[in-house]
Structure formats: structure tokens, C-alpha cells
Amino acid sequence: MKKTVYYLIAVMLLLGTASCDKEYDKDQYLFGAGPDERLSAALAEYQSVLCEAPNGWFIAIGTLDRGAAGGAYRFWAQFTPNNRVVMYGDINATTAATEKESSYRLKAMQLPTLMFDSYNYIHWPADPALVIPGGSYGAGLTSDYDIHLSGDIRGDEFKASGRVHECPVIFTKATAEERQAVVNASGLVAIQATVEALWEPLKYPTVDINDFRIQLSIGKRLSSFSYIDDNGAVQTVTIPSFPEFNNDIRLTEPFEYKDIWFDRIRWNGTGYELNIGNTAYPVYDFGVPFYPLEFGVGKMYRILTIDRAALNTANGNSMLDPFLSVYTAAEAGLHTSATRDLDRLLIIFELNDQSVEQMRLRVMYHSGSTNYLGEGIFKLNRDDDGNVYFTDFVIASGTVGSNMNGANTGPKMAPNVLSYLLYSGTSTVGASATVIPPSGNKFKIDWAPNLTPGLTGNLGGFYVVGNPASYIPGTLSN
Amino acid sequence: MKKILYIMVLTVTLLACAKEELNPDAILLGMGGDTWERTELDDWLHHEFVVPYNMEVKYKWDPYEFDLGHNFVPVDEPQVKILMTAIKKIWIEPYIEKAGETFIKRFAPKRYVLVGSFQYNGGTITRGFAEGGNKIAILGVNTLDLNDKSIVRRVLRTVEHEFGHTLHQTVLYPTEWQTICRESYTGSWSSAPSSEFGPAGFVSEYARANPDEDFVETIAYILMYGREWFEDYMVSVGTDGAAKLRAKENIIVAYFKTIWGIDFYETYDGAGDGLVELTQAAIDRL
């Protein structure tokens, strides 16, 4: 016991005398300076880093809104030591061409924070008054303009995040050429157009990383990545992105799945590629979506819209013979009246009164400035291979005589379309009792190649089983 | 003996702990507020508001001045001069003419805090607020457009509204005020049908919130839209509403005269225009 007491006294004395050092000593701090001193030094350093980029900085911010107007907004900013900043923004042609000056300051909040403390382009995405159309009233596109800086910011690029919504932010030093492009040539929007043109020919940009396939959809501010997960389900990840001046697509946050990680789609001078590890995987046009098309009630799509004017243009045709001739004949059949024109056909899968799936053929046409539609119902059948075939055509009740502009219009308009679609049994249609002979066609529903420049969206096709060159193409919707 | 030894050791240990010294040169970051280089705008504000009225105009974004649960954007700098010029001409100068400079120096809020956007509350919009007679926050400054007098009136209405609070928080209006529309005040004013407030004797939906808001809303509306508007408005709301509004008007006129020595309306005893006419003339001249 006594021994313990002496040991205790010895230890306390040691502690007591050791703490007697009365001098203020910088060594008392583990990192050589007090927290305030270090914070102050950090703020000063951050400010000098921002100001000393001779050609300014690009600042890209990914909004939390991932709707039509959301995604990455990019600004070019030149900071000066007197708390002033001039800016351009990629929001529209005006913000890309007109310099705007405002103020900034660095403030010690929970983290050192760069505050753009008077209004500039960088505030537009966050403006609750919806200066940028889209987003939601009171929140704008949900973006940040107070930016937490931390870590090493001395390189040519550093990442940061928004103070309130934690939006991802990327700072990149501009080169002299980039500055010229921004200041003199609306570079921030010009590059969007340049890169859009590079992606335009790729209808279904796809990358195969060994046996893992990713399909890309690259927009001005958002990029989507679709793949099939371990459960066979199609997953789509949408990430804010922006084009860089070397034509690369830069993601504000990386795409990550298993051991695949990338935050950039690189332009190699002739095409795009993903660099993973030391390997470059080229982006190519797969021609159609890579995952299976599901068509039917309650599925991904249930409507096929067949519009020749949209599918076939001077620059390329997505509707080809032999179906093209069938469609052309339908147009000619309708054209018995000089003012009457076929606009489009719709194949619609739906449930009837007994909740049985049926197919509705809708024929939309106009006469003069008046629009009409004629409709007929087919019985929808599926065989063991998943092919569909249609039987028992009837004119949908209520459309004869009114919308179809007379009972004869349906068969007049499209007897060969009806025949093409009809698998078995003859149908008698209209007052003149036109007999529709069946073609015996069964159809496999799959993606159709989009061969029309400028036409966006996924195309589907009803392919004649046994003769895949013969198919009905159309745009898909639900 | 052993006890004494313990006490000595403990004393040494404890005293040793008290001997750390503060470094007098340590920087306490942020003490004294944020600093930045003054601009021409800062000099103008200093000359026009700080020097004559000791009134600070804080236009640089500071999230802690506003409700942290809402989204705002900062003020667009050119808007600051536009707003503050309007405030000076439409609010300060008429008061000075009727009540003297000392009045403004004494009662004017010491801090104007500005922000570019409104506060969106899901159904309602906050255009301004006052804190303890010291701070007045003006929201939506980026929307101000001098070419659109309706916007000027709406923004300045906030200023008059908040200053009204300062006045009644200094000397309360007669309690009789609270009895005129006692049964019509409601916390759920924003969801009440907008057709109700006029016939019930109020100038706005928000005036129904409570007697204090009613008092300052009535002052602000008459100052911003004028006496003629008020007369027309009374006709439009029907006899019952008009009677209540007339009673309120009488209380306001008497309150300004007896408490503050200000003619609210033009008098014909040689004093000339009242506060309302001077304010209206300033809006017209803008």
C-alpha cells in the first residue's frame, strides 16, 4: 500500500513539474500553431491559390436536381485579391458571352468556405425564383454557391463540395487558350455544341469492359449509364457531367460498380473511350439498346408509333421495304381525297373490359385542317417462343361512321396494313364488305435500328418471324 | 506528516496546471466580423447611410442572417444602390420632413440586411422581417425594378411595414385598435379565402394574422398606395368593412399626431403635405 502511495506521489510530482513550463511555446501544439492561426493561414493560402491562376478557374457544380434542366453547370472565374471575381457561365448564350463581376470572400465556417457573396451566374442554378426554367419553386435546381474547401488545392484540379446541399464541385485551372475561348468566343456554350456533334452519330454509345457492357447516354449536363446487374435487372445511373475543352466528358462524381471506376470519357482524337486501369475501352455504336426490349401492358413500353415523316428523312430512313411499300399503299389508299393524308399509325397493347390484353390499331390522319382517327381491335395471341400474332380484327365500336369518315375508310385506308398484321381468319370490314386476307405473319418484338440522323429515342420493331428483313419500325412509348 | 505530504504534492500538481499562459498575439479568426476591400458601393453606403443615420447596410451574403432552412441567393450588387436610393427618397426623406432628422436617427433600424431572393415557405412568401427594432431584413432585392412602380411599392411596403413595428414597439397603439376586428384575426390567415379580408376590414390577407401586423400593414398600405386608393378601397369592400377601416384610419392618424407629432395626412392649417402625400410624391418622382 505504502509503496503504491509513493509511486503515486512520484508520478504526480513528475506531472506537476513537467507542466511548469511557463513559456508560450509553439511546440505545445501538435501541428505547430493554434487552430485559429492555422485556419487563418489556410484561408490566406486558399485565396492566393485562387488568385494566382493567371488564366482563371473553371468551376463545375452538379445540381441535385437531375431533371431536364438539372446536371452540371460550368463557370469560368477570375479571382482578384481585392475580393472581386469576374465570371462567365454556360447557362445560355448570354451568360457565356457577357462578363459579370461580383464579390467573394473566404470565411472560416465549419470548414474553410469560399463564398460567392454577391449575385453572379454561379447563383442561377440555386435561385429559388427559377431564373433557370425547370427545377422547383423555392429551391431552383438545388445547387450550392458557398463551397467548402479542404485538402490540397494546389494542383491544376481539385474537388470540393457545396456547404448546404453538398453538391459536387470541381475546380480546374484554365489554360491561356481556354481563357481566350471563354472570353472571346463564348467558349462555354460553344464546346457544348462541338461535343454534341461528336456524339450525334452514336445512336446507342456502348462500351464493353471485358464481359461487362455499359450503354451511355451523353447530354449537355447529365450523362446516364445503363448496365445489367447481377440479378439481371437493368440499372441506370445518372451523373452530372460537362464537356471539357479537349472534348472529354467529365463526370462530377465517378461511375462506380464493382471494380469499375471512371469519371471521364476521353476523346482520343477520333473517338471516345473509357480508360480503366491501363486499358482503353472504345465507345462504339451498338445500334440498338443492349438490354432486352419488354413490350406489353405493364412493361417498359406498350405503344409503337409508326410515323413515316419522322422515321424517313432526306438524310436516312428507318422504315425500309418491304413494310415501307405496305405503308405507302396505305397512304395512297387514304389519298382518294386530295386533302386527306395519313399522319401515323399506332400499335397499342392494352387491356380490354375483361382485363385480357388486346391490340388496338389507331390510324391517325387529317383532312384539310381537321384531324381524324380510325381504330380497330385485334385479338392478341402469344406463342411459346414469345412471338405475338393477331386475329379477329374488328372496327372498334363508336368509330365507324364518325371518326373514320365513313365505314369504308378503314379498309380503304389500310387494307394491306390490316392484312400484314392479321395472322388467320378473314375479316370483313366496312359497308362494302371488303374482305381482308390474312398474311399468317407472327411477329417477334425487338429493338429496331435508328437509321435517321436527328431522330432521338428508342426504336422498336415488329419483325416477321422467318423473315426478319420485314418489320414494322416505330418509336416506343408507354 | 503523511497527510501534509499528500497536500503539498497535490498543491504542486494543481498549481502547475494553472500556469499556462495565453498567447496575446493569437489570432481569433472572425472576431470583429468579416472584412473585405471596400468598393465604390461600400463608400457610397457609408457616406449616405452610416455617416448621417448610423445605419449599416449589409448586402453581402451571410447565411446566418436568414432562416437556414430555406434557399436564398445573394443580392445583385447594382440592385443595392437602386433599393437604398428608393428607401432614402420614399421612406427616410418624408419622415425627416415631417418629424425631423433626430426622429430617424433615433428610431431607424441600425442594420439593413439584404438578400436577393424571397423566402419561399410553401404557399407563402416572406418579403421581409424585423428583429428587435435593430435589424430589418429586405428580401427579394433582385426583383426590384424602378420602372415598375408596383414592384417599388411592394418592396417599400416591407420597409414601411417593418418600421411600423419599431414605432408600435416603442409606444403601443391604443388598445381600442384590437377591438375593431377582434373576431377576424386568425393564425391561418394564408389559407383563408382571399375574398374575405376586405369585407372583414383589413387591407391585406396578412393583416389578419394579429393586431400588430394589422396595424403596420394598414400604415404601410396607405403610405404606399395613397389616401385616394384607401378611399376607393373602402368603397370596394362594403359598408361593414369600410366602417372598420375608417375606425382604424382614425386611430392611425391620431397615433401619428399625438405620439410622434406627425401629420399623417395633409392638413389645411398651413403645415402642408402629410406623410402620405410626401411619400406618394416621392414614389411619383422616382
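Points to keep in mind about this one:
- Qualifying residue in the range B:189-197 (condition: in contact with a Lys or Arg (Cβ under 9 Å, 6 or more places away or on another chain), assigned to a loop (DSSP other than H, G, I, E, B), open to solvent by 30 Å² or more (accessible area, probe 1.4 Å) and under 12 Å from B:A207 (Cβ atoms)): yes
- Sole residue being in a helix (DSSP H, G or I), outside the structural domain of B:A108 (by TED's automatic domain parsing), without any contact (Cβ under 8 Å) to a residue 24 or more places away in the chain and charged (D, E, K, R), chosen from B:E183, B:E217: B:E183
- Of all residues making up the range A:264-277, the number that are open to solvent by less than 40 Å² (accessible area, probe 1.4 Å) and modelled with pLDDT under 95: 1
- Being buried (at least 16 other Cβ atoms within 10 Å of the Cβ), among the charged types (D, E, K, R) and touching a residue at least 40 places away in the same chain (Cβ under 8 Å) is a description that applies to B:E162.
- Unmet criterion (only one of (1) within 18 Å of A:N246 (Cβ to Cβ); (2) under 20 Å from the mean Cα position of the chain (by Cα); (3) of a type in the set (G, A, S)) for A:G155: (2)
- Within the option set B:G123, B:G140, B:G128, B:G116, being within 14 Å of another protein chain (Cβ to nearest Cβ), closer than 17 Å to B:Y206 by Cβ and touching a Gly at 6+ places or on another chain (Cβ under 9 Å) holds for one residue only, B:G140.
- When the range A:305-354 is limited to residues that are open to solvent by less than 50 Å² (accessible area, probe 1.4 Å) and assigned to a loop (DSSP other than H, G, I, E, B), the one that is farthest from A:G368 (Cα to Cα) turns out to be A:N352.
- The set of residues in the range A:101-119 being buried (at least 18 other Cβ atoms within 10 Å of the Cβ) and more than 8 Å from chain B (Cβ to nearest Cβ) consists of A:Y104, A:L106, A:P112, A:T113, A:L114.
- Test: A:T142 is open to solvent by 20 Å² or more (accessible area, probe 1.4 Å), modelled with pLDDT of 95 or more and facing another protein chain (nearest Cβ under 10 Å): yes
- Check on B:A209, under 20 Å from B:E162 (Cβ atoms), among the hydrophobic types (A, V, I, L, M, F, W, C) and open to solvent by 20 Å² or more (accessible area, probe 1.4 Å): yes
- Test: residue in the range A:278-285 that is part of a helix (DSSP H, G or I) and open to solvent by 60 Å² or more (accessible area, probe 1.4 Å): no
- All of A:E178, A:E244, A:E253 fail the test of being assigned by TED's automatic domain parsing to the domain that holds A:K159 and touching a strand residue (DSSP E or B) at 6+ places or on another chain (Cβ under 8 Å), apart from A:E178.
- Restricting the first member to the range A:131-155 and to residues that are in the same structural domain as A:T63 (by TED's automatic domain parsing), and the second to residues that are of a type in the set (D, E), the beta-carbon pairs closer than 6 Å and six or more apart or on different chains are A:G135/A:D65; A:G140/A:D127; A:L141/A:D65; A:T142/A:D65.
- Filter result (open to solvent by less than 40 Å² (accessible area, probe 1.4 Å), on the phi < 0 side of the Ramachandran plot and more than 21 Å from the chain's Cα centre (by Cα)) within the range B:223-247: B:F230, B:Y233, B:M234, B:V237, B:G241, B:A242, B:K244, B:L245, B:A247
- Output for the range A:50-102, where each listed residue is part of a strand (DSSP E or B) and small (G, A, S): A:A60, A:G62, A:A72, A:A77, A:G89, A:S102
- A single member of B:T186, B:T218, B:T175 is among the hydroxyl-bearing types (S, T, Y), under 30 Å from B:E101 (Cα atoms) and at pLDDT below 95, and it is B:T175.
- Failed criterion for A:L30 (all others in (1) modelled with pLDDT under 95; (2) part of a helix (DSSP H, G or I) hold): (2)
- The range A:148-237 holds strands (runs of 3 or more DSSP E) entirely within its bounds, and those carrying 1 or more residues that are acidic (D, E) map to A:157-162, A:205-209.
- Test for A:Y119: is it within 27 Å of the chain's Cα centre (by Cα) and among the aromatic types (F, W, Y): no
- From the list A:E253, A:E244, A:E294, the lone residue that is open to solvent by 30 Å² or more (accessible area, probe 1.4 Å) and under 30 Å from A:W76 (Cα atoms) is A:E253.
- Among (1) modelled with pLDDT under 95; (2) in the same structural domain as B:D42 (by TED's automatic domain parsing); (3) surrounded by fewer than 20 Cβ atoms within 10 Å (Cβ to Cβ), the one test that B:I138 misses: (3)
The values are calculated or read from the model by the stated rules, or taken from the named source; none is laboratory data. Please read all numbers here as calculations on a predicted model, not as lab measurements. With ideal geometry, Cβ positions are generated from the backbone for all residues, glycine too; neighbour counts draw on all protein chains shown. Side chains are part of the model used for accessible areas, which takes the heavy atoms of the whole protein and leaves out ligands, DNA and RNA. Shrake-Rupley method; radii C 1.70, N 1.55, O 1.52, S 1.80 Å.
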